[in-house]
1. Keeping to region A:38-80, report how many residues are within 14 Å of chain B (Cβ to nearest Cβ), within 14 Å of DNA strand D (Cβ to nearest atom) and among the acidic types (D, E).
2. Output the number of residues of region B:1-37 satisfying the condition of being at pLDDT 65 or above and either open to solvent by less than 50 Å² (accessible area, probe 1.4 Å) or away from chain A (no Cβ under 12 Å) (or both).
3. Anything in region A:97-112 that is open to solvent by 30 Å² or more (accessible area, probe 1.4 Å) and within 7 Å of chain B (Cβ to nearest Cβ)? List them, or say none.
4. Does region A:66-76 hold any residues that are open to solvent by 70 Å² or more (accessible area, probe 1.4 Å) and either assigned to a strand (DSSP E or B) or at positive phi (or both), and which are they?
5. Among the residues that make up region B:77-96, is at least one of them open to solvent by less than 70 Å² (accessible area, probe 1.4 Å), under 26 Å from A:V101 (Cβ atoms), modelled with pLDDT of 95 or more and of a type in the set (G, A, S)?
6. Is it the case that some residue within region A:88-102 is under 24 Å from A:G37 (Cα atoms) and assigned to a loop (DSSP other than H, G, I, E, B)?
There are 2 protein chains.
Amino acid sequence: MHKKLKYICNMSSSKLLKGSLATIVLKLLEEHDKMYGYQITQRVKALTEGELTITEGALYPTLHKLEADGLLTTETQKVDNRIRKYYSLTKQGNAEVKSKVAELEEFLINLQKVLNPKLGIG
Amino acid sequence: MHKKLKYICNMSSSKLLKGSLATIVLKLLEEHDKMYGYQITQRVKALTEGELTITEGALYPTLHKLEADGLLTTETQKVDNRIRKYYSLTKQGNAEVKSKVAELEEFLINLQKVLNPKLGIG
DNA sequence: TTCATATACTTAAGTTTCTTATGCATAAGA
DNA sequence: TCTTATGCATAAGAAACTTAAGTATATGAA
């Protein structure tokens with residue numbers, strides 16, 4: 001579809017903090033065994049009730065990089081005459097998810113400390 | 001000081017997610033009335049027990065941009081023959097803090113939904 | 001039948017926001 | 001004297017996005 005006529009307003013949404021996308025992708029793949037790009041965008045949208053939108057321009061290059069880095073492998077399937085490229089974690093990818101998620105959560109805790117110093121960490 | 005001899009390892013720390021720095025700065029200024037750059041770096045370090053480090057190369061351009069955007073004003077003071085450039089929120093800045101912090105927290109909630117769908121939001 | 005929307009992947013140009021490195025300057029302690 | 005701490009500024013380069021364009025098939029509505 002040509003998007004020349006995409007005059008629709010972009011209601012959503014909370015902006016993605018740069019640097020979190022790869023971790024999100026890895027985490028989803030840890031839970032789902034294998035997913036294709038479009039499915040990932042839909043999954044994120046569903047989990048956040050439409051508040052968080054992963055754009056294709058961000059997602060696909062990220063998937064390609066994770067594959068190039070050896071964290072993901074691919075297999076293509078044809079469904080309804082359309083190609084799906086399924087991604088899944090490699091062994092290395094499986095190890096990396098944990099550290100990436102841990103690192104992100106550590107950052108989030110620090111962010112809470114700065115933004116809301118009164119609250120304990122719990 | 002010339003840093004040519006800075007061979008020391010950089011132990012720390014959880015990487016800053018791109019996009020959060022301006023919000024952090026605004027939030028700190030909401031609580032402190034006025035602060036200077038170096039003070040901000042030290043405050044963040046203290047609040048996070050040294051885990052989060054704001055680099056000067058990131059901070060100063062951010063402060064300049066927030067000032068250019070009309071969210072901050074400055075006044076300089078000389079202390080011990082060294083100049084301090086104090087930043088404080090403008091009226092507009094004071095309004096923006098709230099929306100920026102709200103937007104960031106909204107994102108964090110969505111991130112939790114994606115990373116840990118089992119946990120409720122509480 | 002035509003148009004719009006949904007599905008599905010790719011890539012390029014441009015922007016934002018960092019990191020890294022450099023530079024300047026003063027003060028204080030080893 | 002050398003290093004560390006205090007204090008600011010800025011430039012080059014990289015990372016990670018946004019925006020926009022392209023390609024292609026399927027489906028439902030007008």
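The values are calculated or read from the model by the stated rules, or taken from the named source; none is laboratory data. If you're wondering where the values come from, they're calculated on a predicted model, not measured in any experiment. Neighbour counts are summed over all protein chains in view; Cβ atoms, including those assigned to glycine, are modelled from backbone coordinates with ideal geometry. Accessible surface areas use protein heavy atoms only, side chains included; no ligands, DNA or RNA. Shrake-Rupley method; radii C 1.70, N 1.55, O 1.52, S 1.80 Å.
1. 1
2. Count: 16.
3. Matches in region A:97-112: A:E103, A:E106.
4. A:E75, A:T76 - these are the residues of region A:66-76 that are open to solvent by 70 Å² or more (accessible area, probe 1.4 Å) and either assigned to a strand (DSSP E or B) or at positive phi (or both).
5. no
6. yes
One line per residue, one yes/no per condition, for (1) farther than 26 Å from A:V25 by Cβ; (2) touching a Phe, Trp or Tyr at 6+ places or on another chain (Cβ under 9 Å); (3) not aliphatic (A, V, I, L, M):
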{"residue": "B:G37", "(1), (2), (3)": "yes, yes, yes"}
{"residue": "B:E75", "(1), (2), (3)": "yes, yes, yes"}
{"residue": "B:A102", "(1), (2), (3)": "yes, no, no"}
{"residue": "B:F107", "(1), (2), (3)": "no, no, yes"}
